[in-house]
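Asker: Following this message is one structure expressed as structure tokens.
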Amino acid sequence: MVKILFDSASDINVKEAREMGAELISMKIRFDEAEYLDGETLSREEFFEKLVSGGKIPQTSQINPAAFEEAFGRLTENGDDVVAITISSKLSGTYGSAVQAAEKFGGKVCVVDSLNASTGEKLLCQYALKLAEGGLSAASIADELNKVKNRICLLAVLDTLTYLKKGGRISAVTAFAGEMLSIKPVIGIVDGEVKLLGKAIGSKKSGNLLTKLVKENGVDFKLPYGVMWSGLDDSMLKRYVDDNRDLWSGETDSLPAYMIGSTIGTHIGPGAIGVAFFKL
């Protein structure tokens, strides 16, 4: 039997992982002196409540080799093999920790660098579970994931530049000018890193740019897909979906919607909306 393990940067919590028949390993997040396990002792809703009310950007910690070693030992003790999927190696050292731990299990653990995060990583996890249900070996699942992961497209519109400024990603002057002009950045994960793909003035124009990028890439509806939002209010996402029904009509009756968690939420703040899918 093959067991699938993924980290909480996928925005999947412990309860959801169990319902999916998978295993979750949580990243740590610290608000001042209080430390939490992402998706385990801190929910996505609690994270945004703390983020908005606090003055400082929280600190996130990569998962260490010892935590992976414990999880791999537990999952392989009955003879099962494991496929572990991690946040992009360009965003965290978590992948390196998993590889280091896997070396002690004689090929029974395959580690896959998702080159993504949040809903982008989640889609790869969902695909891995489908492959495992089909009876593929751990090595075959890992090979297939490595073949398709570069087709995952994660695109998002940010509502505010405040959190990028707080995290030191942009200057205070740039953030102030952007807020004054109502500039909404459109970002994506490209080659495992967060990249600025464009800027637009106002929510409507930024939504149009997001739709343009979706159409340019094309959505493979045979593989997992979804839309996402950050914060405690999903009304902006619902409005975007309603305004862009031509993207999905005739292809699907339902559009999975996911709440962004702490890994990406720390840097983008509330009010963001996005789309994640496998490109054609």
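Asker: Calculate for the chain the 222 nm mean residue ellipticity that helices alone would give, adding -39,500 (n - 2.57) per DSSP H run of length 4 or more and normalising by residue count, nearest 500 deg cm²/dmol.
Answerer: Helices in the chain give a 222 nm mean residue ellipticity of -11500 deg cm²/dmol.
Asker: Based on Cα positions only, what radius of gyration and what Dmax would you give for the chain, in angstroms?
Answerer: 18.6, 59
Asker: Related question: Give the percent of DSSP beta bridges with both residues in the chain that are antiparallel, rounded to the nearest 5.
Answerer: Numbers: 30 of 47 bridges.
If we restrict to bridges inside the chain, about 65 percent are antiparallel.
Asker: Sort VAL14, VAL111 by Cβ crowding within 10 Å, fewest neighbours at the top.
Answerer: VAL14, VAL111
Asker: Here's a follow-up. Using the count of nearby Cβ atoms within 10 Å as a rough guide to exposure, how do LYS108, LYS56 rank from fewest to most?
Answerer: Fewest to most other Cβ atoms nearby, the residues stand as LYS56, LYS108.
Asker: Could I ask something else about it? What residues have an amide H closer than 5 Å to that of LYS3, excluding those fewer than 5 places away on the same chain, when H is modeled at 1.01 Å from N in the peptide plane?
Answerer: ASP81, VAL82, VAL83
Asker: Something else now. How big, in percent, is the set of alpha carbon pairs in segment 1-95 lying more than 17 Å apart?
Answerer: On the way: 2361 of 4465 pairs.
Pairs farther apart than 17 Å: 53 percent.
Asker: Quick check: pseudo-label points 7 Å beyond the Cα along Cα→Cβ at ARG30 and SER89, how many nm apart are they?
Answerer: 2.7
Asker: Quick one: 3J(HN,Hα) in Hz for segment 12-27, Karplus 6.51/-1.76/1.60 with θ = phi - 60°, rounded, Gly and Pro as x.
Answerer: 9, 8, 4, 4, 5, 4, 5, 5, 7, x, 10, 10, 10, 10, 9, 7
Asker: Given H placed 1.01 Å from N in the peptide plane, which residues other than close sequence neighbours of ALA257 have an amide H under 5 Å from its amide H?
Answerer: Amide H to amide H, under 5 Å and 5 or more residues apart or across chains, ALA257 pairs with VAL227.
Asker: Turning to a different aspect of this structure: Could you list SER262, SER10 in order of exposure, starting from the residue whose Cβ has the fewest other Cβ atoms within 10 Å?
Answerer: SER262, SER10
Asker: In sequence order, what are the phi-derived ³J(HN,Hα) couplings for segment 67-77 according to the Karplus relation 6.51 cos²θ - 1.76 cosθ + 1.60 with θ = phi - 60°, rounded to whole Hz, with x for glycine and proline?
Answerer: Computed from phi, the couplings for segment 67-77 are 5, 5, 4, 5, 5, 5, x, 5, 6, 9, 5 Hz.
Asker: Moving on to the next point. Which of the peptides 17-27, 31-41 is most tightly packed, and how do the rest follow, going by the mean number of other Cβ atoms within 10 Å of each residue?
Answerer: Most protected by this proxy first, the peptides run 17-27, 31-41.
Asker: So, R0 is 22 Å and r is the distance between the beta-carbons of SER61 and GLU193; what FRET efficiency does that work out to, to 0.05?
Answerer: Rounded to the nearest 0.05, the efficiency is 0.65.
Asker: Moving on. Around GLU121, under 11 Å between beta carbons, what's the net of Lys plus Arg minus Asp minus Glu among the other residues?
Answerer: Result for the local shell: -1.
Asker: What are the residues whose amide H is under 5 Å from the amide H of LYS199, where those residues sit 5 or more places off or on another chain and H is modelled from the backbone?
Answerer: Placed amide hydrogens put VAL186 under 5 Å from LYS199.
Readers should treat all values here as calculations from the given coordinates under stated rules, not as data from a laboratory. Source: prediction; values computed, not measured. Glycine gets a Cβ as well: all are built from the backbone with ideal geometry, and neighbour counts include every protein chain shown.
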